[in-house]
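The values are calculated or read from the model by the stated rules, or taken from the named source; none is laboratory data. This one's a predicted model, so the numbers in the text were calculated from it and none came from an experiment. Every residue, glycine among them, receives a Cβ derived from its backbone with ideal geometry; neighbour counts consider all protein chains shown.
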Amino acid sequence: MQHRAFERQVGSSANPTASTFGCLSLAMLVLCGSAAPSAFGGQAGGSKPEAEPPRPSPELRAQGAGQPPAIDGVLDDIVWRDPALETGDWRSYNPLYGDTVPQQTKVWVAYDADYLYFAFQCQDPQPRGIKTSISRRDNIGADDWVGLSLDALGTGQQSYHLMVNPSGVQLDMLNSVAGGEDESPDYVWDSAGRLNESGYAVEIRLPLQTIRFRGGTVRMGVLFWRRISRLGVSVASPALEPGKWVFERHAELTFTDLQPRLPREALPSATFAGNQRRATPDEWGAADAEADIGISAKYGITSTITLDATLNPDFSQVESDAFQVEVNQRFPVFFSEKRPFFMEGAGIFTLAGQGNDNSLQSAVHTRRVADPLFGAKLTGTAGRMTFATLTALDQGAGRGLPLGDPGTGKDRLYNIARAQYSLGPSNYVGALAVDSEFAGGSNRVIGTDLSWRVSSTQRVSGFLLASSTRAPRAAQSTSGVGGQAGYEYSTQRLLLVGYGEHYDREFEMQTAFINRVGITSGWGYVEYSFYPPKGKYPWLRRISPFSFTQRGRDRNARGNELLQVSGVRLRFTRQGFLRVDRFDGFETWAARQFARGNWRAQASVQLYRWVSLDSQFMTGRSVFYDPDEPFQGHTRDTRVGMTLQPSGRLSQGLSYRHVAFDRALNGERVYDLDIVNSRTTYQFSRQFFVRAIVQFDSSRSRVLTDFLSSYELRPGTVVYAGYGSLIEQRNFVNGAWIVGDGDYRTSQRGLFLKTSYLHRF
């Protein structure tokens with residue numbers, strides 16, 4: 001869940017990669033989202049003119065817990081008998097700003113020498129309408145939930161986001177100014193939820209070992225929020241204003257004499273993996289079995305500085321990447337990082353303004369480290385300075401290279417250093433240094449970035465990078481610069497955004513995920529929102545016409561490009577969403593200019609508590625990206641998806657996508673592909689679940705199956721057992737396999753077992 005700029009306000013369920021198929025620059029991904037980051041749905045871009053202005057953030061004080069409460073979802077403990085905090089009105093921030101709801105929320109906060117405690121009583125005049133499920137951790141976005149954003153250091157640079165549904169299932173994220181909300185970390189904390197006569201109650205116990213803060217009289221920033229699923233409305237206290245995020249609206253939460261608990265953790269793990277390939281139609285080859293052990297550790301040097309290290313880490317628990325269209329893509333397909341060591345605290349390595357709306361999607365894309373032997377991270381805060389270092393030795397870098405290549409069998413060493421200096425809540429200036437060494441060659445990059453809120457409605461951001469690269473056995477180095485700058489203006493109704501970027505042809509960053517270099521471009525975006533009267537149109541919440549223009553020059557493709565998009569977004573009740581737009585312009589590929597001209601429509605809706613639907617359709621001109629003989633074509637891209645939750649424990653997701661590409665000159669069909677994804681999950685309890693994934697890709701004539709069972713007592717203490725297979729259409733002719741012909745049969749199969757145990761000292 002990345003909540004970067006333009007990604008959440010509209011609630012689009014479309015796959016960003018899908019929206020770029022065949023003809024679009026990744027800069028257009030900006031049009032799939034919204035104006036500001038947010039928890040599950042984004043900050044609203046506007047409000048009714050009559051909405052009241054937000055009150056000043058209150059000052060809150062936590063109470064000492066003489067007797068620790070039992071975390072059971074029942075608010076009958078002594079510590080909860082005191083009056084609830086005076087949080088004031090809870091105002092909506094999605095999809096509108098400033099509305100109140102009949103669902104009232106009470107909050108209590110307490111603490112002792114080991115834990116922080118939070119309790120919520122979520123009133124609801126229609127308790128039967130509350131949506132909840134017994135689901136896997138971090139999978140409660142479609143449910144009702146309540147929680148908090150906690151800036152433990154009080155610096156306005158990063159915060160812990162903790163949310164719980166009425167069944168007690170958790171979702172946690174690390175939120176940072178540059179990186180937005182990062183859902184990948186899994187923190188150790190306890191929660192419980194329970195439905196009651198007036199709504200539901202939630203209790204949270206947060207170990208002091210889990211968070212970083214300075215001891216004494218501690219003042220943390222806090223914001224509480226709640227989601228009412230059936231209304232599709234999210235509310236918060238203090239209220240979130242348009243164009244602002246939690247760091248600018250946190251209330252001050254005071255603890256008297258609270259002392260930190262330094263983290264001391266060890267995480268040993270053991271794995272077994274066995275794989276087989278089919279040798280002939282009737283015989284399997286010898287099993288390739290491997291058992292391994294590894295260990296990771298966390299050591300708190302001070303209350304705000306932590307060292308993480310891992311030796312021979314096991315990353316085989318990475319889930320199967322969902323199939324994406326990889327046929328005829330101008331730019332590489334992005335796959336997110338899912339490996340725990342790299343996910344923890346990854347947001348600090350994000351540069352201001354980077355993301356999938358520009359050429360540089362990620363300056364530190366750790367999936368470049370394919371098979372690390374060793375890794376170490378140092379993260380911390382000193383005064384206004386937040387810093388991090390990352391070292392990793394990748395033993396997979398030289399594998400598969402032909403004999404005689406200077407990199408054959410060599411490892412790659414990565415060293416990364418990052419620092420951010422706080423200029424106030426949501427504002428900072430930063431620096432980044434990257435060094436990559438491989439087979440006697442190197443890639444070194446240094447840079448700086450800035451995020452600055454000029455006023456309550458305006459923000460500027462940008463970064464500048466310089467690289468120096470020497471290939472193995474090369475006599476000389478090459479160098480280049482790259483960077484971008486952006487401006488955003490956001491009010492209750494109007495959103496204006498402008499960005500410019502430039503990358504030399506010689507710029508290189510081996511840790512980055514970057515679409516292309518040798519590009520200079522700029523783009524602008526404008527959106528205006530209308531809010532129909534509720535009494536006259538109770539089913540229509542917002543109408544937002546928009547326009548996007550991008551123009552640039554691609555020096556590698558030797559030509560100019562222009563993209564113009566105009567359209568409208570509509571938000572309805574039941575989390576309904578509809579978008580219709582038109583693409584026009586031209587792009588250059590292999591020194592030839594090709595026309596753009598597409599229509600696209602996207603829609604999604606939560607029909608009932610147990611079923612949601614989404615769809616996308618695009619048709620129009622596109623390009624076949626052959627490096628030697630590209631040609632103009634016509635694309636039709638259709639996707640439909642459905643999520644069923646017939647019970648609180650069973651979830652079934654199913655999607656189908658069909659893409660067809662015809663040659664414009666004579667209508668000849670160039671390719672025709674289908675992708676089907678099925679994901680079935682049954683949650684026996686909050687700790688134990690089974691999951692089955694089946695994915696079909698006609699472009700590769702294959703079916704992937706992935707079955708997994710998991711018992712997770714708490715993050716880090718887990719047992720996995722999985723089985724996977726690859727089914728391909730293949731024919732065995734003259735002792736060799738011919739792919740894409742004959743019957744479908746299992747060509748590979750594998751068994752996976754893992755156990756790990758998190759021990760805290």
Does Ala70 satisfy being modelled with pLDDT under 95 and among the aliphatic types (A, V, I, L, M)?
no
Matching residues in segment 601-612 (buried (at least 16 other Cβ atoms within 10 Å of the Cβ) and under 24 Å from the mean Cα position of the chain (by Cα)) number 6
Checklist entry - Does Ser456 meet the test of being under 30 Å from the mean Cα position of the chain (by Cα) and surrounded by 20 or more Cβ atoms within 10 Å (Cβ to Cβ)? => result no
Residue match in segment 503-526 (condition: in contact with a Lys or Arg (Cβ under 6 Å, 6 or more places away or on another chain) and not in a loop (DSSP other than H, G, I, E, B)) | yes
Among residues of segment 627-652 being in contact (Cβ under 8 Å) with a residue 24 or more places away in the chain and acidic (Asp, Glu), the residue surrounded by the most Cβ atoms within 10 Å (Cβ to Cβ) is Asp637
Of the candidates Arg679, Arg657, Arg714, the one satisfying the condition of being within 23 Å of the chain's Cα centre (by Cα), basic (Lys, Arg) and at pLDDT 95 or above is Arg657
With criteria (1) of a type outside the set (A, V, I, L, M, F, W, C); (2) surrounded by fewer than 18 Cβ atoms within 10 Å (Cβ to Cβ); (3) modelled with pLDDT under 85; (4) more than 21 Å from Asp182 (Cβ to Cβ), Asp321 comes up short on (4)
Test Arg639 against the stated conditions and say whether it is farther than 21 Å from Ile228 by Cβ and in contact with a helix residue (DSSP H, G or I) (Cβ under 9 Å, 6 or more places away or on another chain).
yes
The condition of being assigned to a strand (DSSP E or B) and under 30 Å from Asp186 (Cα atoms) holds, among Asp674, Asp614, Asp584, only for Asp614
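Here is a yes/no grid of residues against (1) assigned by TED's automatic domain parsing to the domain that holds Phe247; (2) assigned to a strand (DSSP E or B); (3) under 20 Å from Val517 (Cα atoms); (4) out of contact with any Phe, Trp or Tyr (no Cβ under 8 Å at 6 or more places or on another chain):
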position: Ser436; (1), (2), (3), (4): no, yes, yes, no
position: Ser442; (1), (2), (3), (4): no, yes, yes, yes
position: Gly447; (1), (2), (3), (4): no, yes, yes, no
position: Ser456; (1), (2), (3), (4): no, no, no, yes
position: Leu465; (1), (2), (3), (4): no, yes, yes, no
position: Ser468; (1), (2), (3), (4): no, yes, yes, yes
position: Ala474; (1), (2), (3), (4): no, no, no, yes
position: Ala485; (1), (2), (3), (4): no, yes, yes, no
Of the conditions (1) assigned to a loop (DSSP other than H, G, I, E, B); (2) at pLDDT 90 or above, the single one that Val703 does not satisfy is (1)
request  = Determine whether Ala266 is more than 23 Å from Tyr115 (Cβ to Cβ), in a strand (DSSP E or B), out of contact with any helix residue (DSSP H, G or I) (no Cβ under 8 Å at 6 or more places or on another chain) and not charged (D, E, K, R).
outcome  = no
Taking first residues from segment 49-68 that are of a type in the set (Asp, Glu) and second residues anywhere that are at pLDDT 50 or above, the pairs with Cβ under 6 Å that are 6 or more apart or on different chains are Glu59/Glu252
Subset of segment 707-761, residues over 21 Å from Val169 (Cβ atoms), assigned to a strand (DSSP E or B) and among the charged types (D, E, K, R), comes to Glu728, Arg730, Asp743, Arg745, Arg749, Lys754, Arg760
Considering segment 113-139, residues that are closer than 28 Å to Ile211 by Cα and β-branched (Val, Ile, Thr), and then whichever is surrounded by the most Cβ atoms within 10 Å (Cβ to Cβ), we arrive at Thr132
Do we have any residue at all in segment 678-692 that's of a type in the set (Gly, Ala, Ser), more than 24 Å from Leu613 (Cα to Cα), surrounded by fewer than 17 Cβ atoms within 10 Å (Cβ to Cβ) and not assigned by TED's automatic domain parsing to the domain that holds Ser191? yes
Evaluate the following for Gly193: is it buried (at least 22 other Cβ atoms within 10 Å of the Cβ), in contact (Cβ under 8 Å) with a residue 40 or more places away in the chain and out of contact with any helix residue (DSSP H, G or I) (no Cβ under 9 Å at 6 or more places or on another chain)? yes
The condition of being in contact (Cβ under 8 Å) with a residue 40 or more places away in the chain and either of a type in the set (A, V, I, L, M, F, W, C) or in contact with a helix residue (DSSP H, G or I) (Cβ under 8 Å, 6 or more places away or on another chain) (or both) holds, among Ala279, Ala291, Ala236, only for Ala236
Item to check | Flag if Arg582 is of a type in the set (Lys, Arg) and modelled with pLDDT of 95 or more | outcome: yes
